[in-house]
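Colleague: To start, I am sharing the structure in question, which I have written as structure tokens.
The values are calculated or read from the model by the stated rules, or taken from the named source; none is laboratory data. No experiment lies behind these values; they were computed from the predicted model shown. Cβ placement follows ideal geometry from the backbone for every residue including glycine, while neighbour counts extend to all protein chains displayed. Calculation scope for accessible area: heavy atoms of the full protein, side chains included, ligands and nucleic acids excluded. Shrake-Rupley method; radii C 1.70, N 1.55, O 1.52, S 1.80 Å.
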Amino acid sequence: MKKLSFFSYFFLLTVLLAGCKKDDSSGPDRGNSSWGKGRIYYSSPTEGVRYIDLATKTKGLLLPEDYDRHDWDVSMDGQKTITSANTGDTDWDANLITISNISDGQVTGQFRYYPTEGDYASPKFSPNRSKIAVVPTYHDGIVIMNLEGRVENHLLSYGGEKIRQNIMAWMPDNTLLFMVGNKLCRTNTAYTNASVIADINLSKWGAPQPSPDGTRIAYASGNHIWMMNADGSNKKQVTTSTDEETYPVFSPDGKYLLIGTRFIESTGSPGSGVFSDGVWAMAIIPADGQQYNVDQGVDDHVIQLRLQGVDRNEICNGTMLWR
């Protein structure tokens with residue numbers, strides 16, 4: 001996987017920002033004086049990994065732009081980062097996995113991981129920060145390891161079908177969600193077995209993300225965001241628009257969903273990380289199972305995520321988290 005060229009990003013951002021011009025009838029404070037609690041972390045197309053402090057509505061830098069970095073994650077408690085990157089030497093098949101404190105940047109763990117054929121690795125902390133799971137690659141499926149890099153489990157296939165879709169999410173009980181074809185599956189806590197949660201017969205769906213209490217799963221399907229119970233029941237479409245929504249993320253208290261709106265798929269080289277190639281504007285909706293129109297200026301309950309004095313939504317092109 002390689003990052004999009006500067007010219008590819010310039011074109012995508014020009015098109016996206018054309019749909020983000022300031023509208024006096026929309027904005028974060030239109031019926032929403034509070035954006036919620038915690039921090040939103042996100043990959044910026046041009047500014048590295050940024051964060052928004054929701055209490056102060058200000059933006060900061062978590063990780064500077066680094067074209068050697070493949071992907072990153074923040075632990076559920078907001079204390080640690082984990083990154084995967086090129087090693088910086090001639091060990092071409094290795095991914096350098098680094099664990100650091102967010103408070104002071106101190107490195108607390110580092111090791112080299114060797115996926116098949118030098119694939120790029122996307123490591124994700126388990127909710128209790130005791131394990132790391134590497135998002136499925138074409139060759140290796142799901143790899144689960146301890147914090148020192150020792151592989152403990154390796155999930156290659158389910159039901160005779162190879163796990164190759166680069167989609168995976170931790171459940172709060174340290175089980176894992178993954179996809180095989182149109183089936184959303186969930187492992188047991190020993191990672192020795194899995195069961196099908198839902199089978200969604202649509203040509204385009206994915207990005208499943210559980211609520212913090214594990215009772216609900218949000219996902220993208222048919223250009224919009226849906227929500228269902230953790231057992232696959234009670235599926236509801238929770239966004240609508242004249243465009244496309246993608247990549248839902250629950251707030252830490254489970255009351256809101258961070259989503260990508262006005263999604264633009266790239267036509268250039270693949271991007272890095274778990275998410276597919278493209279850029280999107282960021283917005284927040286209530287996670288109450290009701291449906292919200294996320295077009296700008298339509299629904300008072302939708303927060304178009306814009307900082308003070310900025311005439312467009314914040315833009316993301318990869319990993320997006322709420323901690």
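Colleague: Quick one: what do you get for the chain if you divide its Cα Rg by 2.2 N^0.38 Å?
Modeller: Dividing the Cα Rg of the chain by 2.2 N^0.38 Å gives 0.95.
Colleague: To continue, here is another question. Using the crude model of +1 on Lys and Arg Cβ and -1 on Asp and Glu Cβ, and no other charge, please compute the dipole size for the chain relative to its Cα centre, in debye to 20.
Modeller: 360 debye
Colleague: Express in Å², to the nearest 10, the accessible area of Met168 obtained by rolling a 1.4 Å probe over the protein heavy atoms while all chains stay in place.
Modeller: My reading of the accessible area for Met168 is about 20 Å².
Colleague: Also, quick follow-up: Work from the charge dipole of the chain (Cβ charges, +1 for Lys and Arg, -1 for Asp and Glu, about the Cα centre) and give the residue of Gly160, Gly105, Asn234 farthest towards its positive end.
Modeller: Farthest towards the positive end: Asn234.
Colleague: While we're here: Could you put His139, His301, His70 in order of accessible surface area, largest first, with the 1.4 Å probe and the full protein assembly present?
Modeller: I get His301, His139, His70, largest accessible area first.
Colleague: Looking at the calculated P(r) for segment 61-102, what percent of the C-alpha pair distances fall above 14 Å?
Modeller: Numbers: 419 of 861 pairs.
That fraction is 49 percent.
Colleague: Between Asp253 and Tyr138, what FRET efficiency comes out of the Förster formula 1/(1 + (r/R0)^6) with R0 = 41 Å and r the beta carbon distance, rounded to 0.05?
Modeller: 0.65
Colleague: Still on this structure, I have one more. Using amide H atoms built 1.01 Å from N in the peptide plane, name the residues 5+ places from His70, or on other chains, whose amide H lies under 5 Å from its own.
Modeller: Ser84, Ala85, Asn86
Colleague: 5 Å is the cut-off here: which amide hydrogens, built 1.01 Å from N in the peptide plane, fall below it relative to Asp295, excluding neighbours closer than 5 in sequence?
Modeller: Thr242
Colleague: Where only protein heavy atoms count, and the probe is 1.4 Å, what is the accessible area per residue for segment 194-264 in Å²? Kindly include the intermediate steps, with their values, before the conclusion.
Modeller: Values: 2700 Å² over 71 residues.
Using a 1.4 Å probe on heavy atoms only, each residue of segment 194-264 averages 38 Å².
Colleague: Once the Cα atoms of helix 6-18 and of the chain are each reduced to a long axis, what angle between those two axes, in degrees from 0 to 90 to the nearest 10, is obtained?
Modeller: Between the helix axis and the principal axis of the chain, the angle is about 30 degrees.
Colleague: Give the shape of segment 116-195 as rounded, prolate or oblate, defined through the alpha-carbon gyration tensor: a ≥ b ≥ c are the square roots of its eigenvalues, a/c under 1.5 means rounded, and otherwise the shape is prolate if a/b is larger than b/c and oblate if not.
Modeller: oblate
Colleague: Could you tell me which of Ala169, Tyr114, Asn188 has its Cα farthest along the dipole of the chain towards the positive end, charges placed at Cβ (Lys, Arg +1; Asp, Glu -1), taken about the Cα centre?
Modeller: Asn188
Colleague: With only Lys, Arg, Asp and Glu charged, each at its Cβ (+1 for the first two, -1 for the last two), find how big the charge dipole of segment 67-179 is about the Cα centre; round to the nearest 20 debye. Could you put the intermediate results ahead of the total?
Modeller: Values: 9 positive and 15 negative charges, 54 e Å.
For segment 67-179, the charge dipole is close to 260 debye.
Colleague: So, for segment 88-138, what is the accessible surface per residue at a probe of 1.4 Å, expressed in square angstrom? Please list the in-between numbers first.
Modeller: Details: 2490 Å² over 51 residues.
On a per-residue basis, segment 88-138 sits at 49 Å².
Colleague: Counting only protein heavy atoms and a 1.4 Å probe, tell me what percentage of segment 26-115's accessible area is made up of carbon and sulfur.
Modeller: 47 percent
Colleague: Still on this structure, please answer the following. Go through Lys59/Lys183; Lys37/Lys236; Lys124/Lys162 and tell me which ones have a Cα-Cα distance over 32 Å in this structure.
Modeller: Those over the limit are Lys59/Lys183.
Colleague: Which percent of the accessible heavy-atom area of segment 191-242 goes to carbon and sulfur, probe 1.4 angstrom?
Modeller: 45 percent
Colleague: So what is the relative contact order of the chain, in percent, for Cα pairs below 8 Å that sit 6 or more residues apart? Let's see the in-between values first.
Modeller: Values: 806 pairs, mean separation 57.8, N = 323.
So the answer I get is 18 percent.
Colleague: Cα-Cα pairs above 23 Å in segment 41-156: how many percent?
Modeller: 29 percent
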